[in-house]
1. Quickly run through the range 233-251 and pick out the residues that are in contact (Cβ under 8 Å) with a residue 60 or more places away in the chain and of a type outside the set (D, E, K, R).
2. How do the strands (runs of 3 or more DSSP E) wholly within the range 111-210 filter down when requiring 3 or more residues that are within 19 Å of residue 286 (Cα to Cα) and open to solvent by less than 10 Å² (accessible area, probe 1.4 Å): which remain?
3. So for the range 269-289 (the condition being touching a helix residue (DSSP H, G or I) at 6+ places or on another chain (Cβ under 9 Å), among the hydroxyl-bearing types (Ser, Thr, Tyr) and more than 24 Å from residue 20 (Cα to Cα)), does at least one residue qualify?
4. Under 7 Å by Cβ, and 6 or more places apart or on different chains, what pairs join a residue from the range 49-60 that is of a type in the set (Ser, Thr, Tyr) with one that is surrounded by fewer than 21 Cβ atoms within 10 Å (Cβ to Cβ)?
5. Condition test on residue 47, is it under 22 Å from residue 251 (Cα atoms), in contact with a strand residue (DSSP E or B) (Cβ under 7 Å, 6 or more places away or on another chain) and not hydroxyl-bearing (Ser, Thr, Tyr)?
6. Condition (residue is over 16 Å from residue 160 (Cα atoms), touching a Phe, Trp or Tyr at 6+ places or on another chain (Cβ under 8 Å) and open to solvent by less than 30 Å² (accessible area, probe 1.4 Å)) applied to the range 229-248: is it met by at least one residue?
7. Please verify whether the range 65-76 includes one or more residues that are within 16 Å of the ligand (Cβ to nearest atom), more than 19 Å from residue 283 (Cα to Cα) and open to solvent by 20 Å² or more (accessible area, probe 1.4 Å).
8. Looking at the structure I just gave you, is residue 232 assigned to a loop (DSSP other than H, G, I, E, B) and polar (S, T, N, Q)?
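The values are calculated or read from the model by the stated rules, or taken from the named source; none is laboratory data. Given the structure is predicted, the values throughout are model-derived calculations rather than measurements. Quick reminder, even Gly has a Cβ in these numbers, built from the backbone with ideal geometry, and neighbours come from all protein chains shown. Ligands, DNA and RNA are stripped out before the accessible areas are found, and what is left, the full protein with its side chains, is counted by its heavy atoms. Shrake-Rupley method; radii C 1.70, N 1.55, O 1.52, S 1.80 Å.
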Amino acid sequence: MTEGPKGGRSAPFEIAKVAGSLGAEVRGLDLAQPLSGTQAAALRAALAEHLVLFVRGQSLGMAQQKRATEIFGPVQRVPYVEGSAEDPDVIAVLKEAEERRIGVFGGDWHSDFSFLERPPAGSLLHAVEVPPYGGDTLWANQIEAFETLPDELREIVENRGAVHVGKPHGVKWAPQPGAGLSRSIKIRRGDPEADRERVHPAVRRHPSSGRRALFVNPIYTTRLEGMSEAESAPLLERIKQHATRPEFTCRWRWRAGDLAIWDNRATLHYAINDYDGHRRLLHRTTFAGEAPVA
Ligand SMILES: [Fe+2]
């Protein structure tokens, strides 16, 4: 793959970084067509390196998006969120123009479904309809966040578990009744099973690159192992402040046809909810991952 003038003649596509820490645009790729083995391997390598990839101008039906997803891993049907009517493996991430002052899916820093035994390895998001402004998505590089963590926080998280709970879907941490919740995305709530605590290493080793990433989730992590929720809270807040520093982020301004592919093991993301009065629809697929290892 090309990165500036060093790219070889055999490069299957071009790569252009979009920010200093993570994120790269891939050019010269049509994911509606099957990729060669060489292209697919290069794309996986690009994801391992850049953690988020963006491909503009993709015309993808759901079946084509699922095939693109399989380049990275088996398609995973996620729990607690109802799939689209056309294909249960695809989530329609939708906010209607008349849904004002509601929370949106993904509207705080998080990685997806970290409370599962095997959290997803990543996701693909394809923009179908975008607002005239706003609705950008942010990602934050958790490898760099770990590598730059102040020593006293590093000592706390290394060799320690973090406890994850599927808060929005359980009973104990359920959102207040009357809180502005999406009507367009059917999220299953009130399941006591979602309240069970799941411990994952707070620092996980990436299976592709071997690099270590902070794996503490601002939405789902309730405490650090060996500490109460109250003891953990100020530490979790400091970790979040560091993990989401602007220097570790990239921000994507969506156009219809854009496809984002992200690594869910080593990034956090955030969907900015600043487009009340406009409709926004993206199709999301997810690929399966493994139990995190320290
Ligand atoms: Fe998300």
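1. Within the range 233-251, 235, 239, 242, 243, 244, 248, 249, 250 qualify.
2. Fully inside the range 111-210 and qualifying: 122-129, 137-141.
3. Looking through the range 269-289, at least one residue is touching a helix residue (DSSP H, G or I) at 6+ places or on another chain (Cβ under 9 Å), among the hydroxyl-bearing types (Ser, Thr, Tyr) and more than 24 Å from residue 20 (Cα to Cα).
4. 59/32; 59/257
5. yes
6. Within the range 229-248, one or more residues are over 16 Å from residue 160 (Cα atoms), touching a Phe, Trp or Tyr at 6+ places or on another chain (Cβ under 8 Å) and open to solvent by less than 30 Å² (accessible area, probe 1.4 Å).
7. No, the conditions are met nowhere in the range 65-76.
8. So residue 232 does not fit the description; no.
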